[in-house]
Each structure stands twice: as C-alpha cells, then as structure tokens.
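Okay, so here's the structure we're looking at.
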Amino acid sequence: MEKKNLDWSNLGFGYRQTDYRYVANWKNGAWSEGELTTDATITMTECAGVLQYSQSCFEGLKAYTTEKGQIVVFRPDLNASRMADSCRRLEMPVYPEDKFVEAVKAVVRANAAYVPPYGSGATLYLRPFMFGSGPVIGVSPAPEYQFRIFATPVGPYFKGGAKPLTIRVSDFDRAAPNGTGHIKAGLNYAMSLHAIVDAHNQGFNENMYLDPKTRTKVEETGGANFLFVTKDGKVVTPKSPSILPSITRRSLMVVAKEYLGLEVEEREVYFDEVKDFAECGLCGTAAVISPVGKIVDHGKEICFPSGMDEMGPVTKKLYDALTGIQMGRIEAPEGWIQVIE
Ligand SMILES: *Cc1c(COP(=O)(O)O)cnc(C)c1O
C-alpha cells in the first residue's frame, strides 16, 4: 500500500477529506447493512431531527502506526460502549458495539494510505457519529437515523511541544445537574462555543467549569478532563456525574497505578484545594495530556510550581508512558491495542 503524498510532520488539527467512510441507516426499527462509501456528503430532509432539535452524538479516537510499522487503534470498545450510553440518553438507537468496532477497523483499513508514519507525530483521527435524519416537527425522537465514521489525518494537537496553558474559571456552566454532561452529545459543544470564544478573546486557552449545582467543585473543560498531582505525588481526578468519562483519563489512571506505581484517587475535588496541587493537566484523545500552568479565578491567579515552560515531571511521565503504549514502545495492558490486519 502506497502512502498519500502528504507533509505528515506539518499537518494541522483540521478536517481533510479521505477516500472512504462508513455509513449505516436506521429505519423501521432496524439498522441497514453498513458499508464503506466514497461519498463524503449527506443529503437529508430539511426537517431532520438533527437540524431541528440537535439530536446527535459523536465519538473520537485515533489510529497510529507503531514502532514496528503496524497500524493499531486504541481501545475502540470503550468508544463503542460510550456511544451506546450517549444514544440511550438521547433516545437514539444503539449501533451494536461489536459492529461499531468492526466499522472503525474497516474505515482505518480502507484509508490505510492516510495513516501517518511512525515518528511523524501525526495520527489518523476517527470520528464516529450518529444523528436523527428523519423528519420531526413536533418534539420527539426522529423516526430515522444515520451512523457514520470518517477518518482524517491530523498533526499533533500542540505544534512544537505542549506549552502549559492558562485557563480561567468560567461563569458559564457546561452541563446541568442531572443533564447531559456525561454523554458525548453535540449539544454540549454548541452550548460551550460562546464560553470558549469569550475565553479566547480574554486571552485564556480554556475554561474550567465548576459543578453546576454548587460551583465549588472542579468538573472539566469544554472537551478534556482534569488530572492533578499532589505535592506528595498522588494522582487525583475529579469525580462527578456530569463529567464526560474520558477514555484517555481512565487509561492514564491505570498507567499511573500499574506502570508508575503511583497512588491514584478519583474523588470530588473542591476548587479551594486546587492551589495546593503541584501539577495540573487536561486529558483527551486529541492531545493526550495538555499541561496547565496557570488557573485564573476572577483575577486571582493560581500558578502551579511546574511553571509555564514545560510539563510537570509526573505529567510528563504519564504522557510518555501512555504515548509509549499507543505507539507500541511499551507493552500495553490486555485488550488496549487492536491491530488492523
Ligand atoms: C471527548 C471528551 C473528553 C475526552 O475524552 P477522551 O475519550 O479522552 O477523548 C473530555 N471531556 C469532554 C466534554 C469530551 O467531550
């Protein structure tokens, strides 16, 4: 298989159309036989549930070329089960989890020419998503749905290495108590756009959202979970029913405990304790971990001892271990890496 002629080391984080995507349609209570198609466009009724009432959810994962030259995907079964949770909460039909994983692999295999080579820093980003495609005018779940997966090659999220971010405590909420914060619904992102544009205009990289009910506890940012490191080297991540369960964060907690021998805690984290942590990072598929150097709470600054030049030492170890597992340099826990044949 000949690779596409792309400048792999200089890819940005944006959409680039690739050759194949996967499509399956749900109609009359059943999924069609899914298939690969070269058609990157979607035609549907103007009255589609997704267009009128935002009935949609999505996933994000990556395919990598390992050190040995194999193409692999990282824990796609967790994306399948998380998407199933999203669908149930949004009254959408679940795409069978085993078929989801097979479809991910089929899309990677069909677009193997777009999987960036080992060492380029780039990866093939996969975007499974589902939306209400049938007409609704009275408020109700759509009568028809489409499930799709496309692939797009992306560069490292942070070019030239990860510089620590400055984030602010947001006055906006990301999720409602008992709402949809724990599922990957497009509507959560639509709601967060104003807050992130405003944060950028004020010179901040991201928003830290507090728990919507009491505004005393740390939740997450618009698209990444928090990890903190205590001064005595314990790894702490906030627990809340309105946090999106990041696969990267869950994997990092396992890596911290099993590979680095660190103590780990998933628990409520009060904003008041944040000033006492030694390191802070944001975790998600796109960047793995982005270090946070400074948090600004209405003018009051919390500066982490790790500073504004580089990742904290524990954050760096976690980053190196997880990316080592993903790139095949370090042996993975059973079932984390699925090879594309
Ligand atoms: C997708 C997402 C994350 C990161 O999850 P990963 O599975 O690690 O990519 C974190 N927070 C929110 C709100 C998300 O939508």
Matching residues, the stretch 224-256, being in a loop (DSSP other than H, G, I, E, B), surrounded by fewer than 21 Cβ atoms within 10 Å (Cβ to Cβ) and either outside the structural domain of LYS316 (by TED's automatic domain parsing) or not hydroxyl-bearing (Ser, Thr, Tyr) (or both): LYS231, ASP232, GLY233, LYS234, LYS239, PRO241, PRO245
What number goes with the only condition from (1) more than 17 Å from PRO141 (Cβ to Cβ); (2) more than 24 Å from the chain's Cα centre (by Cα) that TYR22 does not pass? (2)
So, of the residues in the stretch 257-298 that are touching a Pro at 6+ places or on another chain (Cβ under 6 Å) and over 27 Å from ARG82 (Cα atoms), which turns out to be nearest to the ligand (Cβ to nearest atom)? GLY293
Considering only strands (runs of 3 or more DSSP E) fully contained in the stretch 42-93, which possess at least 3 residues that are within 16 Å of the ligand (Cβ to nearest atom) and of a type outside the set (Gly, Ala, Ser)? 61-65
Suppose the filter is near the ligand (Cβ under 10 Å from one of its atoms), at negative phi and either touching a Lys or Arg at 6+ places or on another chain (Cβ under 8 Å) or not assigned by TED's automatic domain parsing to the domain that holds VAL50 (or both); does GLY179 pass it? no
Hey, can you tell me all the residues within the stretch 1-39 that are surrounded by 14 or more Cβ atoms within 10 Å (Cβ to Cβ) and of a type in the set (A, V, I, L, M)? LEU6, LEU11, VAL23, ALA24, LEU36
Whichever residue in the stretch 228-256 is in contact with a helix residue (DSSP H, G or I) (Cβ under 9 Å, 6 or more places away or on another chain) and polar (S, T, N, Q) and, among such residues, is farthest from the ligand (Cβ to nearest atom): THR230
Single match in ILE330, ILE289 (criterion: over 27 Å from LYS217 (Cα atoms) and of a type in the set (A, V, I, L, M, F, W, C)): ILE330
Specify the residue that is nearest to the ligand (Cβ to nearest atom); the eligible residues are those in the stretch 208-223 that are over 16 Å from the mean Cα position of the chain (by Cα) and crowded, with 16+ Cβ neighbours inside 10 Å. TYR209
For the stretch 72-108, name all the residues that are among the basic types (Lys, Arg) and either within 22 Å of GLY134 (Cβ to Cβ) or surrounded by fewer than 17 Cβ atoms within 10 Å (Cβ to Cβ) (or both). ARG88, ARG89, LYS99
Is there a residue being charged (D, E, K, R), outside the structural domain of SER86 (by TED's automatic domain parsing) and farther than 29 Å from THR214 by Cβ anywhere in the stretch 330-339? yes
Given (1) in contact with a Ser or Thr (Cβ under 9 Å, 6 or more places away or on another chain); (2) closer than 30 Å to LEU262 by Cβ, number of the condition VAL235 does not satisfy: (1)
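The values are calculated or read from the model by the stated rules, or taken from the named source; none is laboratory data. If you're wondering where the values come from, they're calculated on a predicted model, not measured in any experiment. Note that each Cβ is placed from the backbone with ideal geometry, even for glycine, and that neighbours are counted across all protein chains shown.
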